[in-house]
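K.L.:
Below is one structure. I have some questions about it.
Nothing in this text is a laboratory measurement; each read-out follows from the coordinates by a stated rule. As the structure is a prediction and not an experimental result, all values here were calculated from the model. Cβ atoms come from the backbone with ideal geometry, glycine included; neighbour counts cover every protein chain shown.
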2 protein chains.
Amino acid sequence: MKAATIRDVAERAGVSVASVSRVLTGAGVVAEPTRSKVLEAVEALSYVPHSGARSLSTSRTDVIGVILPDLFGEFFSELIRGMDVACRAQGRHLIVSSSHDDAANAAAAIRSMRGRVDGLIVLSPHLDSGELTSSLSGRLPVLLMNGGDLDGQQPSMAVDNTGGARVAVEHLFSLGRRRIAHVGGPTGNLEARQRKQGYLDAVASAGAQPMLAQGEFTQASGFAAAARLLASDQRPDAIFAGNDAMAVGVLLAIQEAGLRCPEDIAVVGFDDVPIAELVRPGLTTLHIDIAGMGRRAVERLLTEIDDAAANSPQAANDAAREIIVPRLVVRQSCGASTSTQGFSGERP
Amino acid sequence: MKAATIRDVAERAGVSVASVSRVLTGAGVVAEPTRSKVLEAVEALSYVPHSGARSLSTSRTDVIGVILPDLFGEFFSELIRGMDVACRAQGRHLIVSSSHDDAANAAAAIRSMRGRVDGLIVLSPHLDSGELTSSLSGRLPVLLMNGGDLDGQQPSMAVDNTGGARVAVEHLFSLGRRRIAHVGGPTGNLEARQRKQGYLDAVASAGAQPMLAQGEFTQASGFAAAARLLASDQRPDAIFAGNDAMAVGVLLAIQEAGLRCPEDIAVVGFDDVPIAELVRPGLTTLHIDIAGMGRRAVERLLTEIDDAAANSPQAANDAAREIIVPRLVVRQSCGASTSTQGFSGERP
DNA sequence: CCATGTCATGTAACCGATTACAGGAAGCCG
DNA sequence: CGGCTTCCTGTAATCGGTTACATGACATGG
């Protein structure tokens, strides 16, 4: 049995295909008896419009695509969740393509999505992807997240990594720490660079000396980097890690070295992944509302798509960079509060 | 500037649309000079076939849908990653819809996907979703994951929760533990029930008494449940938790109670989420190759789709239930190995 | 009573691909 | 050179929606 078409529905309801279409799309007016006859027929045949045919005549797909790099588990799922919620609310669908670790890979994914989505959200921690995207996009609306945005013309969103890092380091200074070290992420990663820059700014403002160690955004690399720092003759009294995974590695290294956190060395991370509040001591870190970011990204892309469809010239208005400001979450690892809190890590 | 169509390409290349189509789809034969002229024109116009038009004439979308409940971060992202890899390898796309916590919600998502996907993968921890799916699916190929599969006719995949739990508990018995308790997941959850059943089986085989506590698959609930168990007059010497999140809560409760793991109480979890090897002591747990499961699910769905397209009667062959057998990963928390391992938690 | 406007509905063109079938060029053989 | 393949290419029908425009019914006002 073939699937029912709009003509089958029209025939069964005793009306024309135009009326059926009007009822289903909500466009135009239909008299009440017609409407109910149509709905009845739709129900009886369990008719579902053929999305391809619809997209052919409307030249919209009602689908938006997301291109993702290889991401940490929690970040990925939170982001998708937020996007999904926003899409569902707008009657859109989400098509994802993940694990694009290099630019060429991402480019291929973008190409394969063209023609099947109304717009794209591209997460690109690679510096060169700004140009890459614009060169590939043709006239497909694109929203860049956490990327370079080299030309400043693409609509984009990004976390204020520099500012967040500065806040973290200033917080440590305000608690009396003086020898504050930084464990940075991979050099090729834009976010890693920005966080390092924020650290350097804050240290410079305080008139202190920077102490740097290189990591890879992984727990193991944080452990190794911290081990190097602890062995140096000028041992730091605080470590600001480029992300939470490395911060947890730092905590373990401190523990393994027989030192105490926060008494001997304070630690601050970045991202506020769920594990941050579960480790002991609880990790002070910068919180980002990841799901909210995802939701916001979808909303912005949709207005961009609408603008493009309307050919409106004020599209330039939307071509702004939106900044997400992370919020410092103070737990035990920074030493600000010495009270030992009981376990209360409810996780939904 | 409108997007180029196949006719634009044909005109520029000086050939017919049929030839262009043949080059792009790979169907039929084309002479070499024609092929290269076409590819050149495609390149010049940066032509991308209109997926809607294509799906209209081929009645395929090359997209598969995934319906997901609210999942834990790591599980979700690993699963999607595996599916995504498999899809890409087969030239398919993945459309996701997550956070469907109840059956009605999932049903709505399934309906909204009909007509825009070639098949569906439905993750449903709800007991009633087997019928739900079959009633909604019409003639859309569906693969059920971790669901009830009440009628046994749907192709499906599931983890051997019962068997895995039994292995875990038997392992504890083999280490000399005798008073083994279980912290179970929510009663409405099928997987929670199966794991509990495996625990009960193993305990019965050993002629021991079951000790049960109720949790919610969250870390906090595991903490609370363990606290209750530790306060009882017959304190257990081992706790098998229904998943890793609860197991971590159990570890914290033991620590907070001034007891030692594994010396006083051994702990075993289920799932082997990344955090399992990072907590101290390292958590002994049952490993599931989540990404592999996702990949396999896509592959099975694709063969199901092919069978449906070919109208082949041996489709019944595929309507089997495939079982994923979890593997016990022994770390420190069960007390099997007393050697303290250094930190080596490399995480890609 | 006729001209005119309003409103609901129907007819048919169109979106952009695929592909069955027709047709033409070239090659081969007798 | 004629007839027959063989091989490639082009024409046009088709998929299932949407929607501009035509149509017809009915009400209203002069």
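K.L.:
Per residue of A:214-226, count partner chain C-beta atoms within 10 Å of its C-beta, then hand back the mean as an integer. Intermediate results must be reported in sequence, preceding the final value.
P.N.:
On the way: counts 0, 0, 2, 1, 4, 8, 6, 2, 0, 5, 1, 0, 0.
Across A:214-226, the average partner-chain Cβ count within 10 Å equals 2.
K.L.:
Within a 10 angstrom radius of each residue's Cβ in A:275-287, how many Cβ atoms of other chains show up on average? Whole number is fine. Don't skip to the end; give the middle numbers.
P.N.:
Values: counts 7, 0, 1, 8, 4, 5, 0, 0, 0, 0, 0, 0, 0.
Across the residues of A:275-287, the mean count of other-chain Cβ atoms within 10 Å is 2.
K.L.:
With axes computed from alpha carbons, what is the tilt in degrees of helix B:32-45 against the longest principal axis of chain B, rounded to the nearest 10 within 0 to 90?
P.N.:
70
K.L.:
Another question, then. Per residue, how much space in cubic angstrom lies within the convex hull of the C-alpha atoms of the protein assembly as shown?
P.N.:
Value for the protein assembly as shown: 186 Å³ per residue.
K.L.:
Is there a quick way to get the dipole size of the range B:1-41? I mean about its Cα centre, with the Cβ of Lys and Arg at +1 and of Asp and Glu at -1; what is the value in debye to the nearest 20? Don't jump to the answer; show the numbers that get you there.
P.N.:
Numbers: 6 positive and 4 negative charges, 17 e Å.
Computed charge dipole of the range B:1-41: roughly 80 debye.
K.L.:
Tell me the net charge near residue A:174. Cut-off is 14 Å between Cβ atoms, residue A:174 excluded, with +1 for each Lys or Arg and -1 for each Asp or Glu.
P.N.:
Working: positive: A:166, A:177, A:178; negative: A:170, A:237.
Its environment carries a net charge of +1.
K.L.:
Any lysines with Cα under 26 Å of the residue A:2 Cα? List them, leaving off those in the same chain fewer than 8 positions away.
P.N.:
In chain and number order, the partners are A:37.
K.L.:
While we're here: For the range B:203-262 and the range A:270-298, write down the distance between their C-alpha centroids in whole Å.
P.N.:
Taking the Cα centre of each part, the range B:203-262 and the range A:270-298 sit 28 Å apart.
K.L.:
Next question. Provide Rg and Dmax in Å for the range A:23-109, with only Cα atoms included in the calculation.
P.N.:
When restricted to Cα atoms, the range A:23-109 yields Rg and Dmax of 18.8, 57 Å.
K.L.:
I need two numbers for the range B:6-49: Rg to one decimal and Dmax as a whole number, Cα atoms only, in Å.
P.N.:
Computed over the Cα atoms of the range B:6-49, radius of gyration and Dmax are 8.9, 24 Å.
K.L.:
While we're on this one: Check residue A:159: other-chain or 5+ apart residues with amide H under 5 Å from its amide H, H built from backbone geometry?
P.N.:
When sequence neighbours closer than 5 places are left aside, the close amide H contacts are A:146, A:324.
K.L.:
Where does chain A land on Rg/Rh, using Cα atoms and the Kirkwood Rh? Walk me through the numbers before you get to the answer.
P.N.:
Working: Rg = 25.7 Å, Rh = 22.9 Å.
My calculation puts Rg/Rh at 1.13.
K.L.:
What FRET efficiency, computed as 1/(1 + (r/R0)^6) with R0 = 35 Å and r the Cβ-Cβ distance, is obtained for residue A:111 and residue A:35, rounded to the nearest 0.05? The partial results should precede the final answer.
P.N.:
Working: r = 43 Å, r/R0 = 1.22.
Efficiency for this residue pair is about 0.25.
K.L.:
While we're here: Which number comes out as Rg/Rh for the range B:241-280 once both Rg and the Kirkwood Rh are worked out on C-alpha atoms?
P.N.:
Answer for the range B:241-280: 0.95.
K.L.:
Something else now. At R0 = 60 Å, how high is the FRET efficiency between residue B:173 and residue A:263 if r is their beta carbon distance? Nearest 0.05 is fine.
P.N.:
With a Förster radius of 60 Å, E is 0.90.
K.L.:
Please give the peptides B:74-80, A:265-271, B:25-31 ranked by average Cβ packing (other Cβ atoms within 10 Å per residue), highest first, as a rough proxy for protection.
P.N.:
A:265-271, B:74-80, B:25-31
K.L.:
What does the copy distance list look like for residue A:14, label position 7 Å along Cα→Cβ, in nm and ordered from shortest?
P.N.:
Between copies, matching label points for residue A:14 lie 6.0 nm apart.
K.L.:
Okay, next question. Suppose every K and R has +1 on its Cβ and every D and E has -1 on its Cβ; what is the size of the dipole of the range A:161-288 about the Cα centre, in Debye to the nearest 20?
P.N.:
Result for the range A:161-288 is approximately 300 debye, rounded to the nearest 20.
K.L.:
When ranked by the protection proxy of mean other Cβ atoms within 10 Å per residue, highest first, what sequence do the peptides A:272-281, A:207-216 form?
P.N.:
Highest-to-lowest ranking by the protection proxy: A:272-281, A:207-216.
K.L.:
Bin width 10 Å, alpha-carbon pairs only: give the P(r) of the range A:161-288 as whole percents, running from 0 to the bin holding the largest distance.
P.N.:
Values per bin, smallest distances first: 15, 53, 31, 1.
K.L.:
For the peptides B:3-15, A:107-119, what is the packing order when you average, over each peptide's residues, the other Cβ atoms within 10 Å and list the highest mean first?
P.N.:
By packing density, highest mean first, the sequence is A:107-119, B:3-15.
K.L.:
Now a separate question. Treat every Asp and Glu Cβ in chain A as -1 and every Lys and Arg Cβ as +1, leave all other atoms uncharged, and give the resulting dipole magnitude about the Cα centre to the nearest 20 debye.
P.N.:
It comes to approximately 480 debye.
K.L.:
If you don't mind, there's one more thing I want to ask. Using amide H atoms built 1.01 Å from N in the peptide plane, name the residues 5+ places from residue A:239, or on other chains, whose amide H lies under 5 Å from its own.
P.N.:
The list, which skips near neighbours in sequence, is A:181, A:266, A:267, A:268.
K.L.:
On a straight-distance basis, which aspartates and glutamates could pair with residue B:196 in a cross-link, Cα separation under 14 angstrom, same-chain partners fewer than 8 positions away excluded?
P.N.:
Straight-distance partners of residue B:196: B:160, B:170, B:216.
K.L.:
Let me know the mean shielding of B:79-88 by other chains, meaning the per-residue number of their Cβ atoms within 10 Å of its Cβ.
P.N.:
4
K.L.:
I need the inter-copy label distances for residue B:207: point set 7 Å along Cα to C-beta, values in nm with one decimal, smallest first.
P.N.:
Going from nearest to farthest copy, the values are 7.9 nm.
K.L.:
Another question about this same structure. Quick check: net charge around residue A:19, other residues with Cβ under 10 Å of its Cβ, Lys/Arg +1 and Asp/Glu -1?
P.N.:
Around residue A:19, the surrounding residues sum to +3.
K.L.:
Something else now. If you take every DSSP beta bridge whose two residues both sit in chain B, what share of them, in percent to the nearest 5, is antiparallel?
P.N.:
Of those bridges, close to 10 percent are antiparallel.
K.L.:
May I pose another question? Could you give, in nm with one decimal, how far residue B:259 is from each other copy of that position, shortest first, with labels 7 Å out from Cα toward Cβ?
P.N.:
Values, ascending and in nm: 3.4.
K.L.:
Give me the distance in nm between label points sitting 7 Å out from Cα along the Cα-to-Cβ direction at residue A:27 and residue A:287, one decimal.
P.N.:
Taking the simple label geometry, residue A:27 and residue A:287 are separated by 4.5 nm.
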